[in-house]
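Working notes, beginning with the structure itself.
The values are calculated or read from the model by the stated rules, or taken from the named source; none is laboratory data. Values in this document were obtained by computation on a predicted structure and should not be read as measured data. All Cβ positions, glycine included, derive from the backbone under ideal geometry; neighbour counts span all protein chains shown.
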């Protein structure tokens, strides 16, 4: 349990946290959301004890252990990966203490008082070592490292040999292996590929403690959070529901607040007109004074400032030939390491293809070869008729003119977009006010990437090759960018770890695995489903369960008829489970509504002062928690049964 009382914190005149009262129950799964700079990271650091609030405090039930993964990378030391993980889990110190106790025992005389003392000390240390999983640590650590994409043998490599992204994975592995009572994760998926994300979701589902996390990955939020906590204007608003339902509820709440604010403003204006009209009329003096007092007491409902809805549109894409890109017999090696060989790939006009694969599979290398940024060791790449392509990578930011300001770079696009539209688009990419006058040379790496993407949006192309374009975009900007890509009239080849982004955007998925390409004509969810079917088929040897991983061309009429019959069969079987799930969700909704009402009551000073009422509400809350947990367990079983229908 976490109990926050009257938490307040400010940076100068800027209020970050304001009188926050928040009770976080056991096994809570909370997605912390809010605008950039709203205070999400600050709140995590306060809970972790890394920052001290100006007022208020944070209390924990019992001696709770806390694991905190920050956004920024901390130094991992000069030792091996396994040394770092053991140190982080506190096992290295325990091992040394065990060895010292064993040495002292061996040097003590039999039946001596010292031997008895050392035996008791050894037993105590060994018990703690066992509780922390010391005897099973290395195989467990290996399992976590494999899940996060590390190769066999990486345990013995030095931490300093890894890049920044892989070091962040090591920091995440260390936090997971400690298995703390309270897990605080700030953007844990930033440096993970899709397979590692899926593994992490499975691991976190089995975690027995509290999880509070910040993420811009919409799919991760939807899968992991059973409650959303929104931080805005220094306050926390809780939504005990999934992320998708939160989005709907949030929009409805904003509409309600805007209507209420409009009504209050209209009423205030009516009172002002009355005061102005009768201010100098003696017979109305008492009524005027009454209205003035009423006006002074009125409070207009707070509303969020209207979000800047920048509709980005690419310039009209000139029509290219049917074959946009044709690669044949591609091979690429770095020294003795062969990344891929004998790759054939064709991208056709109008396709929106995602290139996926685990980190290190060769995605970025292949994009560099296809774009001409690197030469292949073997094979050829040919662009089709009238193809005008643009390539974005994390190095694209290096191609900016560092002597220019953001605005000067924006004006170098040669686009017909008006000045006002450019300013609006820059605002959508988090450059507003005086930010547009900043020199490129003083920008962070993420800011430079956003400028490079902005310029890409306004370029004259019909084929885009994009390598992780969303890495430095917040959720709103990603959505704006995705809408622009959906309206783009050209062809697209993209690498991204944002599964929600890919799911809506792509109509073809190309997986690079073990130096070969596997083609899936569908969106990302379809690819995941088929990949799992193929994997199960390979593991069981059931060829009926597998399907060709490379499929192309139009289906025959007979094949379409059979597929329609199969869809109908699946629909009938799935409907049975879907109806049961709908009833259960209605029950959960009602329980969560009551839970939300109890939590609101528990934050009211007049109720908190009545210990008997608080005790009654806490008992009811505990019962509801158990009921909701049981209902969610049943929901998961039904959902699994629903998913199993093929």
Residue list for the stretch 270-327, restricted to those being part of a loop (DSSP other than H, G, I, E, B) and at pLDDT 80 or above: 316, 317, 318, 319, 320, 321, 322
Matching entry among 185, 204 (being surrounded by 21 or more Cβ atoms within 10 Å (Cβ to Cβ), modelled with pLDDT of 85 or more and within 30 Å of residue 527 (Cβ to Cβ)): 185
Residue ranges of strands (runs of 3 or more DSSP E) in the stretch 1-100 with at least 1 members free of Cβ contacts under 8 Å to residues at least 12 places away in the same chain and loosely packed, with under 15 Cβ neighbours inside 10 Å: 2-11, 14-24
Condition check for residue 137: more than 17 Å from residue 168 (Cα to Cα), assigned by TED's automatic domain parsing to the domain that holds residue 12 and at pLDDT 80 or above: no
Yes/no for residue 127 being exposed (fewer than 15 other Cβ atoms within 10 Å of the Cβ), in a helix (DSSP H, G or I) and modelled with pLDDT of 85 or more: no
Which numbered condition residue 580 misses (of (1) within 29 Å of the chain's Cα centre (by Cα); (2) surrounded by 14 or more Cβ atoms within 10 Å (Cβ to Cβ); (3) at pLDDT 80 or above): (1)
Residue within the stretch 156-163 that is under 25 Å from residue 212 (Cβ atoms) and surrounded by fewer than 21 Cβ atoms within 10 Å (Cβ to Cβ) present: no
